[in-house]
Structures are given as C-alpha cells and as structure tokens.
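The values are calculated or read from the model by the stated rules, or taken from the named source; none is laboratory data. The structure presented is a predicted model; accordingly, all values stated were derived computationally and were not measured. Here the Cβ is made from the backbone with ideal geometry for all residues, glycine too, and neighbour counts use every protein chain on show.
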Amino acid sequence: MEQNRPVHHALLAYLRHELCTPINGMMGYSQLLLETLQTQQETTWFEDLQKIYGCSEHLLKLVTVTLDPTQLEMSQIEGDLTEFGATLRMELLTPLSTVIGYCEMLLEEAPPELIPDLDKLNTSAQQLLGLVNDIINLAAQQLQTLNAQANSAPNLFLESSTASTLAQSAATTLRSLTQDSSEHQPQNGLILVIDDNMTNCDLLARQLRRHAYKVTTATNAKQALRLLKAIPYDLILLDVVMPGLSGLELLQHLKQHETWRHIPVIMISALDEIEGAVRCIELGAEDYLHKPFDPILLRTRIRAYLERKQLRDQEILYRQQVARLTSAAAAVETKTFNSDSLNDLIHQEDELGQLARVFQRMAQEVHSRECALEQQLHLLQVSVDETQKRRIVAEIATTDHFRQLQKRTQGSVDMEDLYQSSSYPPLSRSPIESLNTTEREYFTVKRPQQPEIVPDAENSTQTIAVHSYRGGTGKSNLTSNLAISIAKQGHRVGIIDTDLQSPGIHVLFGLDHDTIDRTLNDYLWGNCRLYEAAYDLSHILQNQSSNRTPEGSIYLVPASSNTNDITRILREGYHQERLLDGFSEVSRDLQLDFLLIDTHPGLNEETLQALSACSLLIVTLRPDYQDYQGTSVILELAKMLSVAEMLLVVNKVLLTFEVEPYRQQLEATYGVSVAEILPFSEEMMCLSSSEIFSVRYPDHPLTQAIDLIGQHIIEQRKTP
C-alpha cells in the first residue's frame, strides 16, 4: 500500500488540477460580472450571477473534498474505478447543470457589454462538463500511465527533470530543486502572468487591470522568457503546473538569471500539497497561492511585494548614484569631469540631490580655478618678438620728428631751457589772467591763480608721462588716482590730457562740455596761455589729506571733446614745439611739483613728445600678448630718448594670479621695475569712469596700492 502512495497522490493531484481549472474560470468571471453589475439597477441578472458563483464555490468544495488524499483511500479507486467515477460525476453534475442553465439564460437576456465575459464563463462550464462526463476514462488512463512510470522509474516523482504531458508536469512539481533570487528596477506595477490556461490568464489580467496594474500574459515558458528579455517586469505570477517547461523549472531558471533574479515571483496552483508550496519557497518564490484565490488577498500580496521591490530598486539606484558621485570625484582628479554628468541628480530634492549640487558647484569652481591658473601660467610666459620690436623701433627712430626729439633730449636741454628759448613771447600779466573763474554763472570750478613768477627760479617740476600701448588698460584712471594720491600728500600736481584724438580724463573729475570753455586745443591754436586752460580741482582733496599734511593742489588741462575741435586738430595739426613749451610753461606758471601727462595710447607724435619731455615714464599694461609686445617697443624708444626712469604698472590682473613670480618675469624680460600689479576690481568697473576711484573708496586695497606708487614717486623726487 505504501508503495502506491506516490501514485495515489499524483492521480488525485492530476484530477483536482484538471477539474479545478475550469471551476476557477467560472468563479473568476462570475465575480467580474458581479462587480460590473453593482453599478447597474438590474437585480435579476445580479441574482442569477450570484447563484452561478455559489454553485461554482460548491463545485470547488466537492472536488477538493472528494479528491483529498487524506480522506480517500487508494483501494476505493482501484477496487471499482467505474463506481468511483460515477459517484463523482453524479455529485458534480447537479450544481454544474445549474450553472450552465443560468449561463444560457443570461446569454439570451444580458446586454452586449456583458456577453464576452458570460461567454467565457459558459465556456469554462462546458469544459468542466466534458471532463465530468469523461471522468472515468480520464482517471483510468492516468492511473495506467502513473503505474507504468512508477514501475520503470520509481523515483520519478522526486527526481524527474522534464515533463512533456500534463501528468508529467504534475509529477514534476514534487521533485527536488535548488537556487536563489533576481534583479531589475521597474517601479510602475508592471506584472507578467504566466499560465497555460488562457482563461486563467485572461481572468487574472482583468482583475489586476481594474486596479491600475499593467499586465502582460504568457501561456508557456518560452513565450514568458521572450517577454522578460524585452520588458522590465516588477512582479511575476507563475502557474506551477504547465506543459513543457513546468512552473518550477521556469522559477529555477529565473532565480539563476543575473538580470531576473530579484523579480518577485508568486506561484499559483490548483495543487494544495504543502510539499509543493515548500518547494516553491525553497526555489526562491516570494509566495504560494492556491487556486481559486481570494482577489483581495491576491492584491494585498502583490502590493506588498511591489513595495518591497520598489524599496530595493530605490536602494540599488541610491548606490548607483553614490557610485556616480564617487566616479565624478575621481574624474575631477583626472581632469575628465563633465559637469553635465550630474544634471539628473542635482534636480532631486533629497539629501543626495543636495550633495550632488554642492559637489557640482565645487567641481566647477575647481575647474574654473584650474583654468585660471593655467591661463595665468600661460600669461606668465611674457614673450617678446625681438625681430618685430627692432623693426618697429627702426621705423619710428628713422623719422625726422623722432630725430629732432632725440637731439633735444641728448643735448640735455631741460624744460626750462626749452621754454626760455622758444619763439613764443614770455608770459606777462594781462587782464584775462586776473579771471579766477569762468564767465559762466553755473560753473563752480575755479580758475587757477598764477603764482608770482620768480625769473631765476629753478624749475624743479617732475614730469611724468603715463602711457599704454593700447586702450582699455585703465591708463586715465591710473593717472587721475595717482594725481590725487600725490596731491593729498601736500604737493601741487598738474594733469595735461594730450589724448587729442579721444579725450576723456576730464569726465573722471566731473567736468563736461558745459563746464569747459578753454582746453589744450585753444592753447595749441594760440588762443590762450596753457595755464589759462587749466581748472583748479583742489576741492576734490577735501577730507583726503591728514591734518598734519599741508594742503595740496590739483589742476587739470583737458583736451577738447568737441567733435569739430577734434576734427580740426587732426586735419590742421599744430606747431609741435608749442606742446613741448606748454609743458614747461604750465609747470612754471602754476609752480607744479609734479606734472602728469595722460597720453594717447599707441605710438604717435604726441606720445613721442610726451616721452621726450618726461623724466619718469609709467607704462600701463594688462596680462596680454599685444600689450607685452607693444610695451617692449615703448620702452626701447624711451631709452633712445634718454628717459631717466621707467616703471611698469600691470592693471586688471585676476585675483588668482601668483603675483611675485609674474613680477620677477616681467622685470627680467624688460629690465624695468614693476611699480605695482593692480588687481581687477568690480567696484572700479561699476564706477564706469563716473568719478575718481580713490575718492569714492579711500580705504580700498586698490587705492592703497596706488598710494604706494605715489609714495615711491615722491620719495624718488626727494633723492638727489
């Protein structure tokens, strides 16, 4: 008897599976129809469907109890199989006939939208009827097959590795298998239902879709594997007993696959042996549900496993994102970091998103600093094309104008001698000189009073030319701020704007077209003496000097910004000697300690005249290759014109510059001292030349740097 026990169990399992499959379909479709009719007023159809559902439940109970191996001895089947089959058939036919009767009535009376589900319900009932009518032959054939298999392979039910028929599939569910679990990352409730019975697939899919799940169905393992390769599923509902590759074999394959290992699998089956459930859990299934299952219980289990998988996917994603940040850090070190690589992370609102935003900003700052340093190192290579420099110097040095200037400077003719030997009449008092202000009532800038001229007095004015090779270096700003710096130390300082082509320094001092009635142009045309074109701007020095410092003075001789005047001076020109004499005149007439000449950028006649007249040349440049080259030409010409002292001022330098190495290279390249390297200033930029920087920001580091230049100039003048 004990030898037949496996055959006994397998036969009853087979019969239960065959009979329960259509019963599950009947229960499922009747339940779907009842849910649909709950929103409608027709009670007759609802009551008929309730009766169908009740009869289906009764059928399921009959099959479960009648074919329970613990209640039914094998001798009852083998003794008289015909009597056993007839008894089972009689018990099932009564409720089944009721179901079929109600189905036929409803198919005639129900509205069109209910017909598809009623038709499937009726098909399941007719399928069960066919099985019940043939139950005796079905049981006899299966018993013969199982006995034959048991005699030829006694361990089949525990060890068989394949199954080509439904009976072999049932036996296969009892064998021993092993393995682990799977992985992917979907989060949108995408479910794959695998069942060889189309009715079961459709029923499950319909129930789940009603609750917003996305469902795909497969009727065999091969089709399921093909779908898994194409779609990232969140959960799998897998029937245990299937022809071909059984549910257990497919489960084992899924849990061995690197990509699918962590997809949760819920096994479903009409087989209710505890051994089958245990084997499924051992193989890695998350759960085991017996058909027919309660829809609420099924949805609860599905929701729980989907939430669990979503949490796991989030953890995997989190680890991947952390790994991306780690890789980004490594990329920063190797200078291969792409700031766009973290764009998706920086938009997250969680702590990781905040970390990504901070990291991206820091990485960009590091990159910007590295670029600035690289640019700085690049710019530190102060290179001068000597061939080009010699060519330009030769072209200028061979002109008659330059040779005349060179003769005067090489002859040691000082500014006082130039003035005294000029062809212009000596200065004398005249009524016009007594004017202390301009005739315009609204003009408040004072005219300078001409000090008493001492005929034999030595002219001790230091003439300083502030020049640059190109515009945009901040030359005029430097000139005006330097003049303020020197004047607030108690000195008399004059400024002459010799940039006749594009004058502008007067704007810094608050002068405009309405407040200017005489200019350098008027002097060059012989309309006035040069000091008469000067404006006393000493009021700007108020609150600039310390109490212990004597009050200084500052005067400006502007060039005309009138378009017609600029056009005329460029077209007609002027007597070149007159400009040189003017430097001496104004220095003596206003008894200046320092005269600053704001030149026109580049290399023109006014520039060369300023160079020949000055004792100190300050060349302003930026960290720029054209400035480097042009500065070399200017310094070479200044040496040829016997300029006594030359200084370099580098302006608008980035704060990231390594100042001292840059200073050393500049001095080594040009053989000239660097007075200061002035940093780029946003405050200076915002002023937009509307006023003098040192007056607005007296304590600014840039003002302090310019004061150091002024102090150097003052101390050099004191040195005998």
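Brief remarks follow.
- Qualifying residue in the stretch 298-313 (condition: among the β-branched types (Val, Ile, Thr), under 30 Å from Leu60 (Cβ atoms) and in the same structural domain as Thr199 (by TED's automatic domain parsing)): no
- Some residue of the stretch 678-693 being more than 36 Å from the chain's Cα centre (by Cα), assigned by TED's automatic domain parsing to the domain that holds Leu537 and without any contact (Cβ under 8 Å) to a residue 60 or more places away in the chain: no
- Filtered by the rule that a residue be touching a residue at least 60 places away in the same chain (Cβ under 8 Å) and part of a helix (DSSP H, G or I), the stretch 286-313 gives Pro295, Leu298, Arg299, Ile302, Tyr305, Leu306, Lys309, Gln310, Asp313.
- Of Asp536, Asp589, all but one fail to be surrounded by fewer than 24 Cβ atoms within 10 Å (Cβ to Cβ) and touching a helix residue (DSSP H, G or I) at 6+ places or on another chain (Cβ under 6 Å); the exception is Asp589.
- Any hit, the stretch 619-642, residues being buried (at least 21 other Cβ atoms within 10 Å of the Cβ), modelled with pLDDT of 95 or more and within 25 Å of Gln406 (Cα to Cα): yes
- Number of residues in the stretch 548-564 that are in contact with a Ser or Thr (Cβ under 7 Å, 6 or more places away or on another chain) and buried (at least 17 other Cβ atoms within 10 Å of the Cβ) equals 6.
- In the condition set (1) within 24 Å of Val649 (Cα to Cα); (2) under 56 Å from the mean Cα position of the chain (by Cα), Gln462 is compliant with all but (2).
- Condition broken by Asn338, with the remaining ones in (1) touching a strand residue (DSSP E or B) at 6+ places or on another chain (Cβ under 6 Å); (2) modelled with pLDDT under 80 satisfied: (1)
- Residue count for the stretch 67-92, restricted to those that are surrounded by fewer than 15 Cβ atoms within 10 Å (Cβ to Cβ) and at pLDDT 80 or above: 0
- Residues in the stretch 569-599 that are among the basic types (Lys, Arg) and either in contact (Cβ under 8 Å) with a residue 24 or more places away in the chain or outside any helix (DSSP H, G or I) (or both): Arg578, Arg588.
- In the stretch 231-248, the residues that are over 48 Å from the mean Cα position of the chain (by Cα) and surrounded by fewer than 24 Cβ atoms within 10 Å (Cβ to Cβ): Pro243, Gly244, Leu245
- Residue selected from the stretch 214-225 under the condition touching an Asp or Glu at 6+ places or on another chain (Cβ under 9 Å) and crowded, with 19+ Cβ neighbours inside 10 Å, by the criterion nearest to Arg303 (Cα to Cα): Thr217
- The stretch 480-510, residues that are in a strand (DSSP E or B) and of a type in the set (Lys, Arg): Arg492
- Residue in the stretch 603-622 that is in a strand (DSSP E or B), under 19 Å from Ile505 (Cβ atoms) and more than 46 Å from the chain's Cα centre (by Cα) present: yes
- Here Ala285 meets the list (1) over 26 Å from His17 (Cβ atoms); (2) surrounded by 16 or more Cβ atoms within 10 Å (Cβ to Cβ) almost entirely, failing just condition (1).
- Of all the residues in the stretch 18-58, those that are under 17 Å from Thr94 (Cα atoms) and not aliphatic (A, V, I, L, M) number 11.
- So Gln664, is it among the polar types (S, T, N, Q) and surrounded by fewer than 21 Cβ atoms within 10 Å (Cβ to Cβ): yes
- Residue count for the stretch 314-339, restricted to those that are charged (D, E, K, R), touching a helix residue (DSSP H, G or I) at 6+ places or on another chain (Cβ under 9 Å) and assigned to a helix (DSSP H, G or I): 1
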